[in-house]
Amino acid sequence: MFRESSRQFRWIFLLTAIFLCCAPFVAAQSPIRRMPDGKPDFSGVWEHPPVLDVTKDGKNQKGAGELSYTEWAKAHLVEDVDSAAHCLPLGYVRNLGTPFVMEIVQRPARLVFLHEFNNEFHVVFMDGRGHPSDLEPTWGGHSIGKWDGDTLVIDTTGFNEKTRLDVVGHPHTDAMRVMERYTLVDADHIAYEIAIDDPKAYTKALKNTRTFVRHPGWEVSEYSCNENNKDILEGHVK
């Protein structure tokens, strides 16, 4: 009788110890939210790390490392004026590297990015369409998305050459193609990967990885670059 009770006590003690050890780990693995169709739900306001230089590591980001420039890129590494200084659009890549938040509005057939900087928006078509054959080059390009398991894959092309990849001014051409992967690792964190292929500017594709953080309760605010903007060359209010 005593041996049986002792054996039961040891089993209870062991199971309790296992539970106490594993409970913090289980609690940390908060489940991801899902849409009615079962796909991960990226809706919400997201903070993404500012990218001053796409080649460098930083908080919540891994840089692309040294780049291999074409002769065109070498000739365009320095420009007199950054178009963003005149409140022109930042472009698709650079909008994702500002210190300003963005909101993702998700529907089965499309996603919409609402960027706080200049209150710009961008649509990602998720209805199975491809890129048009006669794309007009634009600041933000044309985006189509699909699912790779629980990972959202976005393919964007059709850019003009008026924007930069980052603050330090890495250029790109109209041949740039951007592939992104968004993966929810828990309820409020995205593992983000961006791969940029631009054979006119770089002899090899470049890749940058980052972590996005969702902030429930945050809202996208109004931001107008034009308000009280000063010309960086002339020093006067526009």
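Restricting to region 203-228, name every residue that is basic (Lys, Arg) and open to solvent by less than 80 Å² (accessible area, probe 1.4 Å). Please lay out each step first, then the result.
So the first thing to find is which residues in region 203-228 are basic (Lys, Arg), and the list is 204, 207, 210, 214.
ARG210, ARG214, listed by residue number.
Looking at LEU67, LEU77, LEU90, LEU52, which one is in a loop (DSSP other than H, G, I, E, B), in contact with a strand residue (DSSP E or B) (Cβ under 9 Å, 6 or more places away or on another chain), at pLDDT below 95 and open to solvent by less than 40 Å² (accessible area, probe 1.4 Å)? Can you show your working first?
Details: LEU67 fails: at pLDDT below 95; LEU77 fails: open to solvent by less than 40 Å² (accessible area, probe 1.4 Å); LEU52 fails: open to solvent by less than 40 Å² (accessible area, probe 1.4 Å).
After ruling out the rest, the residue left standing is LEU90.
Out of all the residues in region 55-64, which are of a type outside the set (Lys, Arg), in contact (Cβ under 8 Å) with a residue 60 or more places away in the chain and open to solvent by 20 Å² or more (accessible area, probe 1.4 Å)?
THR55, ASN60, GLN61, ALA64
Tell me the residue from ARG181, ARG210 that is touching an Asp or Glu at 6+ places or on another chain (Cβ under 7 Å) and basic (Lys, Arg), please. Let's see the steps before the verdict.
Working: ARG210 fails: touching an Asp or Glu at 6+ places or on another chain (Cβ under 7 Å).
Just one listed residue meets the conditions, ARG181.
For the subset of region 168-197 comprising residues that are in a strand (DSSP E or B) and among the hydroxyl-bearing types (Ser, Thr, Tyr), which member is most open to solvent (accessible area, probe 1.4 Å)?
To start, the set of residues in region 168-197 that are in a strand (DSSP E or B) comprises 171, 177-186, 189-197.
If we keep only those that are among the hydroxyl-bearing types (Ser, Thr, Tyr) too, we end up with 182-183, 192.
Values: TYR182: 1, THR183: 44, TYR192: 4 Å².
Among residues in region 168-197 that are in a strand (DSSP E or B) and among the hydroxyl-bearing types (Ser, Thr, Tyr), the one most open to solvent (accessible area, probe 1.4 Å) is THR183.
Output the number of residues of region 63-100 satisfying the condition of being among the acidic types (Asp, Glu) and within 13 Å of HIS172 (Cβ to Cβ).
Of the residues in region 63-100, the ones among the acidic types (Asp, Glu) are 66, 71, 79-80, 82.
Now restrict to residues that are within 13 Å of HIS172 (Cβ to Cβ): 79.
Here the count works out to 1.
The values are calculated or read from the model by the stated rules, or taken from the named source; none is laboratory data. Just so you know, these numbers come straight off a predicted model, no measurement behind them. Cβ: placed from backbone, ideal geometry, glycine included. Neighbour counts: every protein chain shown. The accessibility values were calculated without ligands, DNA or RNA, using every heavy atom of the protein model including side chains. Shrake-Rupley method; radii C 1.70, N 1.55, O 1.52, S 1.80 Å.
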